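So the structure is just underneath, and the comments pick up after that.
The values are calculated or read from the model by the stated rules, or taken from the named source; none is laboratory data. In this text, all values refer to a predicted model and were calculated from it rather than measured experimentally. Every residue, glycine among them, receives a Cβ derived from its backbone with ideal geometry; neighbour counts consider all protein chains shown. Remember, those area values only see protein heavy atoms, side chains included, never the ligands or the DNA or RNA. Shrake-Rupley method; radii C 1.70, N 1.55, O 1.52, S 1.80 Å.
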Amino acid sequence: MFGASGDLFVYPTPPDTLMALQPRSNYIISRFWDRCNFSTAFKDTDKLNVAFGDWAVIMPYASADTVFSSIDRLLARFDKKGPETLILANMAENWFYSDSSELHSPDVYLPFAKAAAKHKKISKIDRARFEAQVKIIESSSVGARVPDDLPFIGADGSNGTFGDFHGGSILLFFSEPDCMDCNFSRIRLSADPNTRELIERHELTIVNIYPGSTNDDAWAKTVAEAPDGWITVAMPSASEYFELRHFPLFIYLNSRHRVLANDMGIDYLLNAFLMANMSSKSKPQTTNQ
């Protein structure tokens with residue numbers, strides 16, 4: 001790929017003085033589109049998509065600052081051109097955000113989605129789709145803060161909002177009762193002594209979320225199977241805020257409701273809770289005199 005020639009234009013070649021992978025990748029990413037004649041490139045979107053993919057596959061090896069700076073410069077070329085911005089956003093969705101994306105990265109996709117969502121020369125229907133994606137990414141990506149006004153319905157039928165959750169770290173566990181992996185994960189978490197001890201010391205809150213209506217049998221089953229010490233809620237609007245591509249989905253938050261980790265596996269979680277419990281119990285205990 002380094003120094004390769006695409007169908008539309010010749011890609012940049014790093015100088016021999018750049019030996020390490022990241023500096024070479026940075027060089028290519030930052031200069032990738034310099035030789036592209038966009039006036040003709042947008043007439044052959046298939047070839048342009050191939051070039052976009054060649055640019056995308058190098059991004060994991062470049063620095064984040066270089067990647068996002070390059071994206072901003074590309075989008076700035078077309079900030080007054082709706083059709084071109086829409087084409088780039090669709091290509092970015094294909095490479096970074098769709099169910100079949102080869103390089104799934106909501107953070108990299110976000111600038112493209114934002115550019116399309118606010119572009120007045122893009123149709124309202126298309127803008128609405130990108131606006132919905134922006135809302136999801138900004139609510140659930142690492143570093144994002146889950147909105148306090150996100151509504152839910154408690155197991156007792158009461159209405160609440162996400163801002164009602166206080167205390168230590170929070171694990172959001174999105175599940176469906178007929179999902180075998182969800183049930184397996186629920187059993188492992190509820191049986192894990194480290195998880196239980198963190199909950200008992202109020203250092204961890206697990207919110208068991210059913211992303212559906214309280215009017216169906218699945219909600220009643222979710223409540224009936226909820227482990228002791230967990231908070232169980234229904235959140236019919238969950239798909240408007242979170243990327244619910246599969247179940248179970250785990251999202252880990254700090255006490256200020258900022259996302260620390262997203263889409264972890266159950267083994268990763270159990271190991272993390274083991275380390276957290278060991279660290280907590282090793283701290284000196286203070287007593288009141």
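Computed with every protein chain present, the accessible area of M19 is close to 150 Å² [probe 1.4 Å]. For the chain, the percent of C-alpha pairs falling in each 10 Å distance bin, counted from 0 to the bin holding the largest distance, reads 6, 23, 26, 20, 16, 8, 1, 0. What do you get for the angle between helix 124-140 and the principal long axis of the chain? Use alpha-carbon atoms, 0 to 90 degrees, nearest ten. Result, in degrees: 50.
Scaling against 2.2 N^0.38 Å puts the C-alpha radius of gyration of region 188-237 at 1.25. Relative to the first principal axis of the alpha-carbon coordinates of the chain, what is the inclination of helix 266-282, with its axis defined by its Cα atoms, in degrees from 0 to 90 and to the nearest 10? The two axes meet at around 60 degrees. Split the accessible area of region 215-289 by element, probe 1.4 Å, and carbon with sulfur accounts for 50%.
Nearest 10 degrees is fine. How inclined is helix 64-76 to the longest principal axis of the chain, computing both from alpha carbons? Roughly 60 degrees, rounded to the nearest 10.
Across the chain, the mean sequence separation of Cα contacts (distance under 8 Å, 6 or more residues apart), normalised by length, yields a relative contact order of 14 percent. Take every DSSP beta bridge whose two residues both sit in the chain; close to 60 percent of them are antiparallel. Under a model in which nothing but the beta-carbon of Lys, Arg (+1) and Asp, Glu (-1) is charged, region 173-212 shows a dipole of about 80 debye around its Cα centre. When +1 charges are put on Lys and Arg Cβ atoms and -1 charges on Asp and Glu Cβ atoms, the dipole computed for region 211-289 relative to its Cα centre reaches about 520 debye.
Between D181 and K283, the distance separating the two model label sites (each 7 Å from Cα on the Cα→Cβ line) works out to 3.4 nm. Overall, the ratio between the Cα radius of gyration of region 34-150 and 2.2 N^0.38 Å, rounded to two decimals, is 1.06. Computed with a 1.4 Å probe over protein heavy atoms only, the accessible surface of the chain comes to 52 Å² per residue. In this simple spin-label approximation, K80 and R258 carry label points 7 Å from Cα along the Cα→Cβ vector, and these lie 3.8 nm apart. Using the Cβ-Cβ distance between R188 and K43 with R0 = 41 Å, the FRET efficiency computed as 1/(1 + (r/R0)^6) comes to roughly 0.15.
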